[in-house]
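The values are calculated or read from the model by the stated rules, or taken from the named source; none is laboratory data. All values derive from a computational prediction rather than experimental measurement. Glycine also receives a Cβ, built like all others from the backbone with ideal geometry; neighbour counts cover every protein chain displayed. Heavy atoms of the whole protein, side chains included, go into the accessibility calculation; ligands, DNA and RNA do not. Shrake-Rupley method; radii C 1.70, N 1.55, O 1.52, S 1.80 Å.
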Amino acid sequence: MAFLCKGFLRAVAKRGLSSQFVQTPFKSQRSLSSLDPLPNKLLQLPSSLIKSTLDSATCFPQDNPRFSWDSLLACLPSLSSDKARLVLEWKLEKMLKGNERDYDQYLYLMSLCAKIRNASLAMHVFTSMEVHGIKPTTSLFNSLIHACLSSKDSITALSLFEIMQSSEDYKPNDETYETFIIGFSSLGNTGAMTSWYSAKKAAGYCATLQTYESLVSGCIKARDFDGADRFYDEIKSTGIMTSETILENLLEGFCRRRRFNQVKEFIKSCLEVWQEISVKMVEKVVGLYSEHGKVEEMEELLSTVVESGQAVTVLSQVNSGIIRMYAMLNRLDDVEYSVGRMLKQGLSFRCADDVEKVICCYFRVEAYDRLDLFLEHIKRSHKLTKSTYDSLVAGYWRAGLSQRLDTVIKDMELAGVR
């Protein structure tokens, strides 16, 4: 069996992974401004210098307090896929050179390969361990399968499962089936996802909350809304307490189908049972109502979240949606009432774009005196940005109001906005 495993893995490593494997670019997700100098340096360097920079004993030695493996991991999303690969390759080389025997270290490294969607590198980690006499385990196989599915290489993942089935030392376990369910859920492949769910139950393993999160999420991603509803009913029948993730996905399903009554009842039900709703849930509902001009429903939502004592972020989201909707409809009286109501609640505008939507409404209805009062009123709680000043300048210029234009330019200079 060991020979079979070793032969298969080496063959895959030599020829590359399945031809269906598509390496997904690892997109930038965060700024490096708060990180230490090394990640910033890696971001600017060409790929050819990554490993030598990491190896440098004079500028960035590992025993230097400024060197942090954690900071390197934090910067991976901001690096190109090639640079991220080189960083992990460098780490693997250091582990092998230091004769690292801790399985958890290799598991962690393979999980990072999955995070950057590089199944080839995960396979390299696995085969390198074998070459150095470290025997594979079920957990290591599961991690490798996860990396393959993250890279959309289901063929290799299935081949690995077959190896596990025929082995004596690393049989599939509950985590193995869960890995396939999660992987196919993320790919939106509900057919494969539900098949692995059935296989998990047939193998004698029970569904967990994580299982149901993946099943519901996968159905919503594939627009299989009936499937999502069916799994939710199953959750309730098992007595498992649902999670915020499941609720958010179910609500997304209602919103996509424009089930306005179900959306309203679902929100009320969540508040009755859990006493709170998440910002993501509110964003989905506000987006639905805004897209379809559901003003009355939006006002009712605001009353609901106020009466139930929701978090400031939730209240702010709903208030913002109402104000933007009225502004787009040129209902200036309702805009001003809604702004006043929001300020009385101790809230302010969430962003400059909301303010600019209101300003544009004033210009469209040519209510310039009322615009002056609005700006004076919000200055106490909201600092105008350059884009807001630009909107005012453009609006007054188009209206031919040179005196107001001059005043805005002076205010802009006094505020130090350039």
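Values as computed for the structure displayed
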item: Net charge contributed by nearby residues that have their C-beta within less than 14 Å of S308 (K/R +1, D/E -1); result: -2
item: All-pairs alpha carbon distance profile, the range 71-171, 5 Å steps from 0, percent; result: 2, 14, 24, 24, 19, 11, 4, 1, 0
item: Relative contact order for the range 71-171, counting Cα pairs under 8 Å that sit 6 or more residues apart, in percent; result: 24
item: Computed over the chain: relative contact order in percent, which uses C-alpha pairs under 8 Å that are six or more apart; result: 8
item: Accessible heavy-atom area order of W90, W196, W397, highest first, probe of 1.4 Å; result: W397, W196, W90
item: Descending semi-axes in Å of the range 272-317, equivalent ellipsoid built from Cα gyration tensor; result: 18, 11, 9
item: Charge dipole (the chain, unit charges on Cβ, about Cα centre) - positive-most of I181, F225, I235; result: I181
item: Size descriptor, Kirkwood hydrodynamic radius, that averages inverse alpha-carbon separations across the range 97-242, Å; result: 16.0
item: Residue-by-residue Karplus 3J(HN,Hα) for the range 332-338, coefficients 6.51, -1.76, 1.60, Hz, glycine and proline x; result: 4, 4, 5, 4, 5, 4, 5
item: The chain - percent of accessible surface contributed by carbon and sulfur, probe 1.4 Å; result: 50
item: HN-Hα J in Hz across the range 413-418 - Karplus 6.51, -1.76, 1.60, θ = phi - 60°, x for Gly and Pro; result: 5, 5, 7, x, 8, 10
item: Greater than 22 Å apart at Cα, pairs in K135/K200; K264/K344; K152/K221; result: K135/K200; K264/K344
item: Debye log10 I(q)/I(0) for the range 284-418, one point scatterer per Cα, at q = 0.13 Å⁻¹; result: -0.56
item: CD proxy at 222 nm, helix term only [per DSSP H run n ≥ 4: -39500 (n - 2.57); per residue of the chain; nearest 500]; result: -22000 deg cm²/dmol
item: Rounded tilt (10° steps) of 2-15 against the dominant C-alpha axis of the chain; result: 50
item: Accessible area of D333 in the full protein assembly, 1.4 Å probe (Å², nearest 10); result: 110
item: Cut-off under 5 Å, modelled amide H: who pairs with Y205 long-range; result: none
item: Candidates F225, F254, F374: whichever shows maximal mean-square fluctuation once the chain is modelled as a Gaussian network with Cα springs under 10 Å; result: F374
item: Rounded accessible area of V273 (nearest 10 Å², 1.4 Å probe); result: 80
item: For the chain, size of Cβ-based charge dipole, Lys and Arg +1, Asp and Glu -1, in debye; result: 1140
item: 19 Å tail of the calculated P(r), the range 173-242, as % of Cα pairs; result: 24
